[in-house]
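The values are calculated or read from the model by the stated rules, or taken from the named source; none is laboratory data. Every value quoted in this text rests on a predicted model; they were computed, and no experiment measured them. So basically every Cβ, Gly included, is an ideal-geometry build from the backbone, and we count neighbours across all protein chains shown.
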Amino acid sequence: MPIRDYKDDPYLSLLRPLVEAYLAFYRVGNRHIQSLGLTPGQFDVIAELEGTEGLTCAELSEHTLTTKGTLTGVLDRLEHRGLIERGSVGGDRRATRVQLTPKGIDVFQAVFPVHAEFMRPFFAQALNASEVQIAKRLLRRVRDSFEDRNVSSAKGSSQMPSTLEKRGSSKVKKIMEKTKRKPT
């Protein structure tokens, strides 16, 4: 059964508040990180590396919010600033291990607590400690539902989401073709 009124759909009505919350967090958090002299990608990499003896580029890509395509540039800039160093991984000439330098550790110790304390009041204003646990659990469930490609459609169809996506995309493409202006 197709959805007739999108504004009344309980699942779709979650999209706008979810995106608005993310964007508000992103704007405030990124602005503060930048005021501390780092980009959000640099901050993310430094935070992941702290407390480790280094991670491979593949591990960093998995653990950070930085895309693989952006990671190399972030690492180049961090290395240029003397905050990280890259080295080889024994037994694997293709892999590179990245670790914080003493200067990188100093930057982490100076920046991370300041940023955490800056962000804390925004969350504390919105949620109490037990609500934080509930929110984390629910947000992870939502994330996992998008990452699990074996999810069936809500109607119990055995079609995979990728099959449904393809069918929906072709339908949209046909409609869009019909609405294109013809040259005059």
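Couple of notes before you dig in:
- Restricting segment 66-101 to residues that are touching a strand residue (DSSP E or B) at 6+ places or on another chain (Cβ under 9 Å) and in a helix (DSSP H, G or I) leaves a set whose member that is farthest from Thr39 (Cα to Cα) is Glu79.
- Qualifying residue in segment 40-58 (condition: in a loop (DSSP other than H, G, I, E, B) and touching a Lys or Arg at 6+ places or on another chain (Cβ under 7 Å)): yes
- Looking across segment 96-119, the residues that are more than 18 Å from Pro40 (Cβ to Cβ) and either surrounded by 14 or more Cβ atoms within 10 Å (Cβ to Cβ) or charged (D, E, K, R) (or both) come down to Thr96, Arg97, Gln99, Thr101, Lys103, Ile105, Asp106.
- Condition check for Leu100: at pLDDT 95 or above and within 26 Å of Glu117 (Cα to Cα): yes
- Lone qualifier among Ala47, Ala24 - being surrounded by fewer than 12 Cβ atoms within 10 Å (Cβ to Cβ) and at pLDDT 95 or above: Ala24
- Answer residue from segment 129-156, given it is assigned to a loop (DSSP other than H, G, I, E, B) and either modelled with pLDDT of 95 or more or surrounded by 11 or more Cβ atoms within 10 Å (Cβ to Cβ) (or both) and is nearest to the chain's Cα centre (by Cα) among those: Val151
- Considering only residues in segment 50-64 that are under 24 Å from Arg120 (Cα atoms) and touching a helix residue (DSSP H, G or I) at 6+ places or on another chain (Cβ under 7 Å), the one that is surrounded by the most Cβ atoms within 10 Å (Cβ to Cβ) turns out to be Thr64.
- Residue in segment 102-124 that is of a type in the set (D, E, K, R) and farther than 19 Å from Ser35 by Cβ present: yes
- Matching entry among Ser61, Ser35, Ser88 (being on the phi < 0 side of the Ramachandran plot, at pLDDT 95 or above and among the hydroxyl-bearing types (Ser, Thr, Tyr)): Ser35
- Residues of segment 78-102 that turn out to be within 14 Å of Leu55 (Cβ to Cβ) and touching a residue at least 24 places away in the same chain (Cβ under 8 Å), as a count: 10
- Filter result for Arg27 (over 21 Å from Leu71 (Cα atoms) and either touching a helix residue (DSSP H, G or I) at 6+ places or on another chain (Cβ under 7 Å) or without any contact (Cβ under 8 Å) to a residue 60 or more places away in the chain (or both)): no
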